[in-house]
Each structure stands twice: as structure tokens, then as C-alpha cells.
Amino acid sequence: YNMAVVLTGQGKSVEAITHYREAIRLKPDYADALYNLAAVLEAQGDVQGAVAGYNEAIRLKPDFVEAYNNLGVTLFNHGQIQKALDAFSGALRVDPKNADARRNHDAIMTVIGKSKRDS
């Protein structure tokens, strides 16, 4: 896991993915490794892998606000607005004062409100 973090910081995503997967193989309930793997996969364009990783991290650690938030960002960036809103709402259920989740949630609500007014 630590090697994967270092490799990620060095921009060596392919090698980092290998090490994150090995950490998860050794410890399948390692939510932080799943979260970091999901972030690297998303950066590599593997949206399905990223979404699956964030969802698994949340399943293992239901109070993982950052995973909810990153899941929401990933979904939003790929046009899945309602699912993104659900993810941000999940983050806010865990931590109602989380500034990132609040900002993202409110931004989507603004977009939804504008599209309803424009219809």
C-alpha cells in the first residue's frame, strides 16, 4: 500500500494500480486502498473501475465521506447527475458539515434547478 501511494505521487499510475491491487488481495477489507485505487483508475479513464472501487470502499467503511464525495465527482463528470447527487447526499448524511460535499451537492441542485426552469 505504501509503495502504491509513493508511486501514485510520482505519477506512475500503472505500477501504483498493481500495488494497490496486491494490497487489496492481501487485505480485501482495506477501504483506503480501494479508495486510492479508485482515484487512480478514474484518472486513467476507467470510470467503471473507479465507481466500483468507491462503492466497495463505502460498503466496507460506511462513514467514508471522502469516498462518497469522490464517487459523486466521478459520476457527475460522466453525466450521471442523479447518482452523483445520491453520493453527495450520502456524504452529507455521514457529515452534514462537510464543505466539499455541501458545495458539490448544492452545485448539482443549482444545475437541476436551471434545467427544470429551461424546460
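Based on the alpha-carbon gyration tensor of the range 1-85 and its eigenvalue square roots a ≥ b ≥ c, which shape applies: rounded if a/c is under 1.5, prolate if not and a/b is larger than b/c, or oblate? It is oblate, given that a/c is not under 1.5 and a/b is not larger than b/c.
Hull surface divided by four, with the convex hull built on the Cα atoms of the range 43-119: how many nm²? Numbers along the way, then the final one.
Details: hull surface 20.5 nm².
The number I arrive at for the range 43-119 is 5.1 nm².
Assign one of three labels to the range 23-69, namely rounded, prolate or oblate, based on the Cα gyration tensor with a ≥ b ≥ c the square roots of its eigenvalues; rounded applies when a/c is under 1.5, prolate when it is not and a/b is larger than b/c, and oblate otherwise. Here the range 23-69 falls in the oblate category.
The apolar share of the surface of the chain, taken as the fraction of accessible area on carbon and sulfur atoms (1.4 Å probe, ligands and nucleic acids excluded), comes to 52 percent. Peptides 29-35, 65-71, 76-82 ranked from most to least packed give 65-71, 29-35, 76-82, packing being the mean of other C-beta atoms within 10 angstrom over each peptide's residues.
When the dipole is taken about the Cα centre of the chain, and only Lys, Arg (+1) and Asp, Glu (-1) are charged at their Cβ, what size is it in debye, to the nearest 20? Walk me through the numbers on the way to the answer.
Values: 14 positive and 14 negative charges, 65 e Å.
Result for the chain is approximately 320 debye, rounded to the nearest 20.
With θ taken as phi - 60° and the Karplus curve 6.51 cos²θ - 1.76 cosθ + 1.60 applied, the whole-hertz 3J(HN,Hα) list for the range 38-49 is 4, 5, 5, 4, 4, 4, 7, x, 8, 5, 4, x Hz, x standing for glycine and proline. Accessible surface calculations at 1.4 Å, restricted to protein heavy atoms, place the chain at 58 Å² per residue.
Non-local lysine pairs in the chain, meaning eight or more places apart or on different chains, with alpha-carbon distances under 20 Å, amount to 5.
Averaging the Cα positions of each part gives two centres, and for the range 3-17 and the range 30-73 these lie 16 Å apart.
The values are calculated or read from the model by the stated rules, or taken from the named source; none is laboratory data. The structure presented is a predicted model; accordingly, all values stated were derived computationally and were not measured. Positions of Cβ are backbone-derived with ideal geometry, glycine not excepted, and every protein chain shown enters the neighbour counts. The protein model used for the area step is the full one, side chains on, heavy atoms only, and it has no ligands, DNA or RNA in it. Shrake-Rupley method; radii C 1.70, N 1.55, O 1.52, S 1.80 Å.
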